[in-house]
Amino acid sequence: MLALAYYLLKVTICSGVLYGYYHLTLRNKIFHHWNRFYLLMSVVLSLVVPLIKINIFGSGSAKTPVIHLIQMVTTSDEFVYNYSRSGFLQLNVSNISFIIYALISAFSLFVIIQTLVRIEKLKHIFPATIINGINFRNTNARGTPFSFFNNIFWNDKIDINSTTGHQIFQHEIAHVQEKHSYDKIFINAILAFFWCNPFFWLIRKEL
């Protein structure tokens, strides 16, 4: 459990640095389209970078602070790995912590699957009208309107010809055209396993 906790800590630090850069320099800029890809790449890098092991074979006193920092992280990696294999981690507290973490992740996955099943049911209950190549489904379901891949699930209580209705409709069309459903599935799947990372939640909000 210690090795997992240490990995989660490094992921959180990486995502915090990348999100901090986004928040300070990229957020609310005019190139929103590229911000989306930066946020998605930030998640991927946060998961991959902590897994990369870098060995620095330097000698003498010419080591820079960056090299010292990398060596310190590498050394701590070895310490955590060796310590996690020792008998000290066979404590009930560690096992219980892992079980609780796994249960929360399992519940999060269950919610995602349940949501996908609900959407599939809505597709079978409410027939689609093709509008500009998009499946428009007029429903009375709770939580509508929303879009999912090539489908817009509308709420029949909202007049689509009104100013507000037209704005919402154009907003959902933009989601379909930009294929934001892939982003939603990706980030929610990541959060199912990394639900303790606050920066991933902030990234999801930005997406």
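Bear in mind that the values in this text are calculations on the coordinates, not laboratory data. Everything quoted here is computed from the prediction, not taken from an experiment.
Mean sequence separation of contacting Cα pairs (under 8 Å, at least six apart), scaled by the length of the stretch 102-207, corresponds to a relative contact order of 23 percent. For LYS184, a cut-off of 25 angstrom between C-alpha atoms picks up these lysines, skipping any fewer than 8 places away in its own chain: LYS10, LYS29, LYS121, LYS123, LYS205. At full extension, ALA106 and CYS196 could sit 31.0 nm farther apart than now, given 0.36 nm per residue minus the alpha carbon distance.
The slack in the chain from HIS171 to ASN95, taken as 0.36 nm per residue of separation less the alpha-carbon distance, amounts to 22.7 nm.
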